[in-house]
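In what follows, a single structure is set out as structure tokens and then discussed.
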Amino acid sequence: MKVKYRKLDKAEGPLVVMSNVEGAVYDELVEVEMPNHERRTGKVVQINKDKVIIQVFQGISGISLNDVGVVFSGKPMEIPLSREILGRRFNGIAEPADGAGEIYSDKYYNINGRPMNPVARLYPRNYIQTGISAIDGLITLIRGQKLPIFSGDGLPHNQLAAQIVRQAKISGEEAEKFAVVFAAMGIKHDEANYFSKVFEEAGVMDRVVMYVNLADDPVVERILTPRCALTAAEYLAFECDMHVLVILTDMTSYCEALREISSAREEVPSRKGYPGYLYSDLASLYERAGMLKGAKGSITQIPILTMPNDDITHPVPDLTGYITEGQIVLSRSLYQMGIYPPIDVLPSLSRLMKDGIGAEYTREDHPDVANQVFSAYSNVQEIRALAQVIGEDELSETDTKYMEFGKNFEEVFAKQSFEENRDIIYTLDLMWDLLKILPEQELNRIDPALVQKYLRK
């Protein structure tokens, strides 16, 4: 349906309102043409009888209420996809941003993909090696999992994301079929340049697809960026049989964009002003990860979000925790101690870890040694609290060993440089080296046969 020189009722924020429109469909793509022939795109976000509300991606600056041409496409937003997207950088709405030309495809893909049918899912197995000991050893990332990183303002989550993209790999014959889809929402220009530079210098750009929405880009684009990225991931995973790792940063920026647009639509706000459908909206993104029966590929997600005021009960981390299968929590106190990456393993968790490690996947001792190290580091926190009361000189010999264990855990195991890429065997051996500090009778979570094999060798 094409209407020339149509009068708009209202234009506010990213939204325009039109009356007397027939046949409009929710979520369909719209093209707005101004008298100077400038074209902008948008989508239908609300229909009330013959009144339509359109979200304009590029904003409404310069749009007159009169003399506007509008084209209703009759279909949702679609993007072209092919294997040529690997090594490319796009803006937030999947337009090429690297000067390398358009992507040509026989088929266009609807970005509003649906969450996977639970009946068609396969249980996630096997692991993805990130090269970071704290993650690989204690919060192992499993292929097909959704494992978010909970961070805070000023913490090095961007650096950690870049390191994971640079180092992540899968084992076995399928290693060549591994790709990374990186989506950034609301980041600054210097951060975008940092990611591009790190990937290019590491020589991994040929297996990375980047979708970047900058802080000064229209806020409406931020809503589309993760959907474009996940559509690309689904194409690579289920049509090209690849194992895809999707990194989404920063989901808090995405949720704030959702709140801003919800406010402009005058919807009833929920907790902290976020729309009441925030949970289902996040689920529509997170549930696009996993493995399907009959498909050779998989999609693994690492959403990164910054917790306002480091508040883990804030709606964004709170709802994310309900949907995903664990979390990696970054600690401000560890970061202030000079430890990178500042991963606090105690509140961190990978719920699927137990099913993707062990003899078939990593090494036979991994489950037991991970349980023991986690338990020992948990004891360290209690002993440190006791030492503050009675003083370290009054601690028992065993407690003193635990204090030494805690120091080595943070300074040797958890701490590693940005350039350091540790394989899983090195990480497991490092965990045994930590356990050698403790008296052998304290190792009560490990099979004695494994103690004999690995501790005393």
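The values are calculated or read from the model by the stated rules, or taken from the named source; none is laboratory data. Please read all numbers here as calculations on a predicted model, not as lab measurements. Virtual Cβ from ideal backbone geometry, glycine too; neighbours counted across all protein chains shown. Calculation scope for accessible area: heavy atoms of the full protein, side chains included, ligands and nucleic acids excluded. Shrake-Rupley method; radii C 1.70, N 1.55, O 1.52, S 1.80 Å.
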Exercise for the section: Could you give me the residue pairs with C-beta distances under 7 Å whose first residue belongs to segment 403-422 and is closer than 14 Å to Pro342 by Cα, whose second residue is among the basic types (Lys, Arg) wherever it lies, and which are 6+ apart or on separate chains? Expected result: Gln416/Arg422
Problem - segment 33-70, residues that are over 19 Å from Gly13 (Cβ atoms) and open to solvent by less than 40 Å² (accessible area, probe 1.4 Å) - result: Glu33, Gly69
Handout entry: Candidate set: segment 99-120, residues that are within 23 Å of the chain's Cα centre (by Cα) and in a loop (DSSP other than H, G, I, E, B); chosen: the one surrounded by the most Cβ atoms within 10 Å (Cβ to Cβ)
Key = Ile111
Handout entry: Evaluation of Tyr361 against (1) open to solvent by less than 50 Å² (accessible area, probe 1.4 Å); (2) in contact with a strand residue (DSSP E or B) (Cβ under 8 Å, 6 or more places away or on another chain); (3) farther than 18 Å from Asp433 by Cα; (4) outside any strand (DSSP E or B) (one fails), failing number
Key = (1)
Completion exercise
Here the residues within segment 134-192 that are within 14 Å of the chain's Cα centre (by Cα) and part of a helix (DSSP H, G or I) are His157, Asn158, Gln159, Leu160, Ala161, Ala162, Gln163, Ile164, Val165
Handout entry: Scan of segment 158-180 for residues that are open to solvent by less than 10 Å² (accessible area, probe 1.4 Å) and within 17 Å of Leu305 (Cα to Cα), ordered by number
Key = Leu160, Ala161, Ala162, Gln163, Ile164, Val165
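Please determine whether any residue of segment 329-343 is open to solvent by 40 Å² or more (accessible area, probe 1.4 Å), of a type in the set (Lys, Arg) and within 19 Å of the chain's Cα centre (by Cα). Please lay out each step first, then the result.
The first filter runs over segment 329-343 and keeps only residues open to solvent by 40 Å² or more (accessible area, probe 1.4 Å), leaving 332-333, 335-338.
Next cut, of a type in the set (Lys, Arg) only: 332.
Remaining after also requiring within 19 Å of the chain's Cα centre (by Cα): none.
No, every residue in segment 329-343 fails to be open to solvent by 40 Å² or more (accessible area, probe 1.4 Å), of a type in the set (Lys, Arg) and within 19 Å of the chain's Cα centre (by Cα).
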Handout entry: Pairs where the first residue, in segment 242-254, is of a type outside the set (Val, Ile, Thr) and the second is assigned to a helix (DSSP H, G or I) and buried (at least 23 other Cβ atoms within 10 Å of the Cβ), C-beta under 6 Å, 6+ apart
Key = Met242/Leu236; Leu248/Pro226; Tyr254/Arg222
Practice task
Please tell me if Lys43 is in contact (Cβ under 8 Å) with a residue 40 or more places away in the chain and not acidic (Asp, Glu).
Solution key: no
Practice task
Give the residue that is surrounded by the fewest Cβ atoms within 10 Å (Cβ to Cβ), with candidates limited to residues of segment 364-393 that are among the acidic types (Asp, Glu) and modelled with pLDDT of 90 or more.
Solution key: Glu382
